[in-house]
Amino acid sequence: MRRPTLTRSRVRGAAGVALTALLAAAAVGLAGPAASASVADPDVPPGETASYKMTHLSNQPKNGALQGTGSDIAFQGKYAYAGNYDGFTVYDLSDPTDPEQVVQVYCPGSQNDVSVYKNILVLSTDSSRSDDSCSSTSMPATEKDAWEGIKIWDISDPLSPRYVKSIETACGSHTHSLAPSKNGKDLYAYVSSYSPNATFPDCQPPHDFISIVKIPVKQPTKAQLVATPVLFPDGGYEGDPDRSASTTSGCHDITTYAKYDLAAGACMGDGILMDIKDRERPKVIAQVRDTENFAFWHSATFNNDATKVVFTDELGGGGLATCTGEFAPELGANGIYDIKKGKGKHGKTELKFQSYYKIPRINTENENCVAHNGSLIPVKGKDIMVQSWYQGGVSVFDFTDSKRPRELAWFDRGEGVSSGGTWSTYYYNGYAYSNDLGIGFDTFDIDDSIDGKAEKVKLKSLNPQMQEKF
């Protein structure tokens, strides 16, 4: 790889070394390399940071009661809501170059993925708890009394969130995605969960469905579970232990696009496209598998016109170092698919594979690196995305040409700087914001040659799993 001009700084961090070693050990026995290359020297040496056409502006370290893993982010107005396995933090973005922490809410229950819509905030709980309160403790999933699901908050005052309702869902809520009704009176949460077990009373196999929660926008306390539609009547992909490819048993993540009445589901062994005209009765209209390279369909992002979907493969569950050069560029990567709509009365919609995208840099064998969460950068006429790659850092890439995606900018912390890397990176009103697993909340400025036009697009809110047209 030819290295571009870099911006470098030296940072030391012992915590990252310990955790990355643990992650590497946990990955032993997972999908082996599909390439014969040996481990090469990393492009960013341990203890250093480097970037190309991205400037790191600030970091707000984890603090106080929220010492758990940093997770997803949602935005509304001048506030960012950053999830953490121990709760969530509200940041004031009035000065986007240096956000201010204004509220910290302790409410343990991983992953605490977060979404916001008007005065409603929704949190996902995918760990068995003693009850639905914010003082709950861990409880084995084998216990019938254990609780998992979603928690609903009133954020009419962002500085004083109020917990108003909980809904228990089968196998919990690993993630959720929102879709407002056409009249705006109701908000639907599509709850994704997976990995059933015959010994779990509330998470029984085959678990081939999602849960749908209806939340009245003006009366969120009346939220209720309204449907559990089966998405895989044939059972879905059976998995492949030889390459550690997951069996389909539910979905990991769903992204809705209400304007087009579409949703894309990343469902472990399957990628799907759904028609959600009837919010309570989603219908699978296209299904795809990659039985050669994808191991765990993790998340999905539409382009602005809903003519493409970027699916991610979280090979190794986020703990595997797939960016060492030992792993082929098709492994732990993005898969880019065009949506081909059927013509005629019986025409079928198809997801047509176009290419893979994986960051081109080499990491050390102790750095977990795999495709993870990102969002579009709103440049009209182009398909540009910013995305987290755990300890592979942040990558900005252009997939306007579906067959030839290319990287435009990046930021990378070398081994030992971050304890786990970046979970999610999203673009909101001129800046990229990232939630790191271990070291807090980061802000980046992307070179104007890439996002100059996007800086003029001012959004009122952003939930990356609930896409809206810009």
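The values are calculated or read from the model by the stated rules, or taken from the named source; none is laboratory data. No experiment lies behind these values; they were computed from the predicted model shown. Note that each Cβ is placed from the backbone with ideal geometry, even for glycine, and that neighbours are counted across all protein chains shown.
Descriptive notes on the structure:
- Of the strands (runs of 3 or more DSSP E) lying entirely inside segment 132-240, those containing at least 1 residues that are at pLDDT 95 or above, of a type in the set (S, T, N, Q) and surrounded by fewer than 15 Cβ atoms within 10 Å (Cβ to Cβ) are 224-227.
- Considering only residues in segment 399-419 that are among the polar types (S, T, N, Q) and over 21 Å from Q467 (Cβ atoms), the one that is surrounded by the most Cβ atoms within 10 Å (Cβ to Cβ) turns out to be S418.
- Number of the exception - A328 against (1) surrounded by fewer than 22 Cβ atoms within 10 Å (Cβ to Cβ); (2) among the small types (G, A, S); (3) in contact with a His (Cβ under 9 Å, 6 or more places away or on another chain): (3)
- Index of the failed condition, K352 passing every other in (1) part of a strand (DSSP E or B); (2) crowded, with 18+ Cβ neighbours inside 10 Å; (3) touching a Lys or Arg at 6+ places or on another chain (Cβ under 7 Å): (2)
- Selected residue [crowded, with 23+ Cβ neighbours inside 10 Å, at pLDDT 95 or above, within 17 Å of the chain's Cα centre (by Cα) and under 18 Å from P42 (Cα atoms)] from V396, V386, V370: V370
- Test: residue in segment 440-453 that is outside any strand (DSSP E or B), of a type in the set (G, A, S), farther than 11 Å from V386 by Cα and within 16 Å of the chain's Cα centre (by Cα): no
- Total residues in segment 168-192, condition of a type in the set (A, V, I, L, M, F, W, C) and over 16 Å from P229 (Cβ atoms): 2
- Only one of the numbered conditions (1) among the aromatic types (F, W, Y); (2) more than 23 Å from the chain's Cα centre (by Cα); (3) under 28 Å from I336 (Cβ atoms) is not met by F232, and that is (2).
- Pairs where the first residue, in segment 316-328, is hydrophobic (A, V, I, L, M, F, W, C) and the second is assigned to a strand (DSSP E or B), C-beta under 6 Å, 6+ apart: A321/C369; C323/C369
- Of all residues in segment 47-67, those that are at negative phi, in contact with an Asp or Glu (Cβ under 6 Å, 6 or more places away or on another chain) and either in contact (Cβ under 8 Å) with a residue 60 or more places away in the chain or in a strand (DSSP E or B) (or both) total 5.
- V90 being modelled with pLDDT of 95 or more, touching a strand residue (DSSP E or B) at 6+ places or on another chain (Cβ under 6 Å), surrounded by fewer than 16 Cβ atoms within 10 Å (Cβ to Cβ) and outside any loop (DSSP other than H, G, I, E, B): no
- When segment 396-426 is filtered for residues that are assigned to a strand (DSSP E or B) and acidic (D, E), the ones remaining, listed by number, are D398, E407, D412.
- E330 under 27 Å from G440 (Cβ atoms), part of a loop (DSSP other than H, G, I, E, B) and charged (D, E, K, R): no
- For segment 124-134, the condition holds for at least one residue, the condition being that it is touching a residue at least 60 places away in the same chain (Cβ under 8 Å), under 17 Å from the mean Cα position of the chain (by Cα) and closer than 24 Å to Y190 by Cβ.
- Members of segment 303-325 that are in a strand (DSSP E or B) and surrounded by 24 or more Cβ atoms within 10 Å (Cβ to Cβ): V309, V310, F311, T312, D313, A321
- Identity of the residue in segment 63-75, farther than 14 Å from S388 by Cβ and buried (at least 22 other Cβ atoms within 10 Å of the Cβ), that ends up farthest from the chain's Cα centre (by Cα): L66
- Filtered by the rule that a residue be in contact (Cβ under 8 Å) with a residue 40 or more places away in the chain, closer than 19 Å to K182 by Cβ and not aromatic (F, W, Y), segment 248-273 gives I254, T255, T256, A258, K259, L262, A263.
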